[in-house]
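Visitor: To start, I am sharing the structure in question, which I have written as C-alpha cells.
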Amino acid sequence: MSSLLHESQLAHEANVVWLEDLDDLDYVRQALDKSTRRGGKPRYARDGRMVGYAELDRDAEANPDSGLFQRRTFFLLPHDRPNDPEGLYKEGAPGRRSTRGRSSRGGWGRRPRAPRGSAETR
C-alpha cells in the first residue's frame, strides 16, 4: 500500500488512539485496514506490533460490497529501528523523502498526526 492516502480516506476519522508513547518513536508505518467496526481496537494480523489506530465518526459508511470500514492502523515491523536498533533502519526511515521533515499527513514521517480538527487520544 502506498503511504500516500487520499483526503477522502481520512475524512471520517474522529480520532487516533495511540497504544504507545510517541516520544519513544521517531517513525511508524501505516496501513489502511478493513474492520467490522468504526471504533475500538481493530484486529491486527501482521508481523510486528500495532502502536495506534484511527476511529471513525458516525457518518462513516461501510463498503456496500463487503460491509467493512476502512481504518488506518499504525505499526512497527520486527526489523524497524525501535525493535532492532542496529538493523536495516539504523539510520533513516522506510519511505523517507529527501526533504527533511516533510511528509504526507499520516504518511511516513517523524510523528504521525490525527487529521486537523479531530481530538487526539494518547
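Visitor: Which of the residues spanning region 62-89 are among the polar types (S, T, N, Q) and not in a loop (DSSP other than H, G, I, E, B)? First the steps, then the outcome.
Guide: Just the residues of region 62-89 that are among the polar types (S, T, N, Q), to begin with: 63, 66, 70, 73, 83.
Of everything in region 62-89, those that are among the polar types (S, T, N, Q) and not in a loop (DSSP other than H, G, I, E, B) turn out to be Gln70, Thr73.
Visitor: Could you pull out the residue among Gly40, Gly48, Gly67 that is more than 15 Å from the chain's Cα centre (by Cα), open to solvent by 20 Å² or more (accessible area, probe 1.4 Å) and in contact (Cβ under 8 Å) with a residue 12 or more places away in the chain?
Guide: Gly67
Visitor: Can you find a residue that is touching a Ser or Thr at 6+ places or on another chain (Cβ under 8 Å) and among the basic types (Lys, Arg) anywhere in region 52-67? Break it down stepwise before answering.
Guide: We begin by selecting, within region 52-67, every residue touching a Ser or Thr at 6+ places or on another chain (Cβ under 8 Å); these are 52-54, 67.
When the remaining residues are screened for being among the basic types (Lys, Arg), the result is none.
No, region 52-67 contains no residue that is touching a Ser or Thr at 6+ places or on another chain (Cβ under 8 Å) and among the basic types (Lys, Arg).
Visitor: Of Ala45, Ala31, which residue is farther than 14 Å from Pro94 by Cβ and small (Gly, Ala, Ser)?
Guide: From the options Ala45, Ala31, the qualifying one is Ala45.
Visitor: Continuing with the same structure: Restricting to region 5-37, and then to whatever is among the charged types (D, E, K, R) and under 11 Å from Gln70 (Cβ atoms), can you tell me which residue is surrounded by the fewest Cβ atoms within 10 Å (Cβ to Cβ)? Give the derivation first.
Guide: If we filter region 5-37 for residues that are among the charged types (D, E, K, R), which is where we start, we get 7, 13, 20-21, 23-24, 26, 29, 33-34, 37.
If we keep only those that are under 11 Å from Gln70 (Cβ atoms) as well, we get 13, 33-34.
Values: Glu13: 19, Asp33: 21, Lys34: 14.
Checking each candidate, the answer is Lys34.
Visitor: Let me ask another. Scan Asp33, Asp65, Asp26 and give me the residue that is more than 27 Å from Pro82 (Cα to Cα) and of a type in the set (Asp, Glu).
Guide: Every option except Asp65 fails the conditions.
The values are calculated or read from the model by the stated rules, or taken from the named source; none is laboratory data. Keep in mind the model is a prediction, meaning the values are calculated, not measured. For neighbour counting, all protein chains shown are included, and Cβ atoms are generated from backbone atoms with ideal geometry for every residue, glycine included. Surface areas here come from the heavy atoms of the whole protein model, side chains and all, with no ligands, DNA or RNA. Shrake-Rupley method; radii C 1.70, N 1.55, O 1.52, S 1.80 Å.
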